[in-house]
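Read the figures in this text as sums done on the coordinates, not as results from a lab. Small disclaimer: the values here were computed from a predicted structure and weren't measured. With ideal geometry, Cβ positions are generated from the backbone for all residues, glycine too; neighbour counts draw on all protein chains shown.
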Amino acid sequence: MEIDDLNRTMWAYFSANYGQVKARNEFNHYNSMSKSKLKKCLRKLKLQNGKLKEIKYVSRLLRKKFRSHVQRNYEEELSKDFWKFCKKEFEESETQEPNFDESSCYDYFRNIFFEKHKNRTFNLPSWLKPFPVPSSNFDLECPTYQEITKIIRKMKSSGSPCPIDQISIIPFKRCPILRTQLWRLLSKCWTEKYIPTIWKRAVAVFIYKKDSPDNPANCFRASHVESFHLCDKEQNFQIRAR
């Protein structure tokens, strides 16, 4: 309940004062198409009386690609800044979107991440040296507010928030009240030895690698963003520090 209240309070505040992220353009898949393919799509949209908004988008994109092709001087750009030119050209591949359906994607990644032997015990191989006996006992006390604050200040502000809750580390860096509430939540989880179900969810973002975007096995890798991921990171930092 406290986690839901924290999520709602933060969402209401930042939504009212700073607005929300614009919805993703539904026509973004046209951006990676070649000029010849865009021509075919535009012709097909006009013949089938497609959406006016979609026709305008494809038409403007096609005109923009023709203009950029005519105006650009590739030799001059290469001689001026080779690495900038490469970065600009190759980054276009990152806009590639999957062409496979959701069910085939789910089946593939479920098979990859599914734990087939949950109760299996890992046995150390004979060539691996045994771990030494700990010289001191692990500190099992709850993390203090100062420890949580220190960890938050070390975390990078550029970390991507999960689309499930959109909670970034930046508000916790700037607002002591939020840090206090977070410390209370972590202390309660630490004491009860329980991880809330809402923290166990994640969103997989597909990042294009190579080849045709029709096969989930070869062309995309999944980058997972955890819900309220900073709590998990803080606990990991805390354990390593102790």
_Please give me, ordered by residue number, the trypsin sites (Lys or Arg not before Pro) of region 100-208 that lie in loop per DSSP and have at most 16 other Cβ atoms within 10 Å._
Lys116, Lys118, Arg120, Lys156, Lys193, Arg201
*How long is the gain from Glu192 to His117 if the chain were fully straight, where each residue apart is worth 0.36 nm and the alpha carbon distance is subtracted?*
24.3 nm
*In terms of modelled amide H atoms, which long-range or inter-chain residues lie less than 5 Å from the amide H of Val205?*
Ser223, His224, Val225
*To the nearest 0.05, how large is the calculated FRET efficiency for Ser135 and Ser15 if R₀ is 51 Å and r is the Cβ-Cβ distance?*
0.50
*asked:* Strictly over 27 Å apart at the Cα level, which of Lys156/Lys200; Lys116/Lys200; Lys87/Lys173; Lys65/Lys156; Lys64/Lys84 would you flag in this model?
replied: Lys87/Lys173; Lys65/Lys156
*Quick one: Karplus J couplings for region 177-189, per residue in order, coefficients 6.51, -1.76, 1.60, θ = phi - 60°, nearest Hz, x for Gly and Pro?*
5, 5, 5, 5, 5, 5, 4, 5, 5, 5, 5, 5, 5
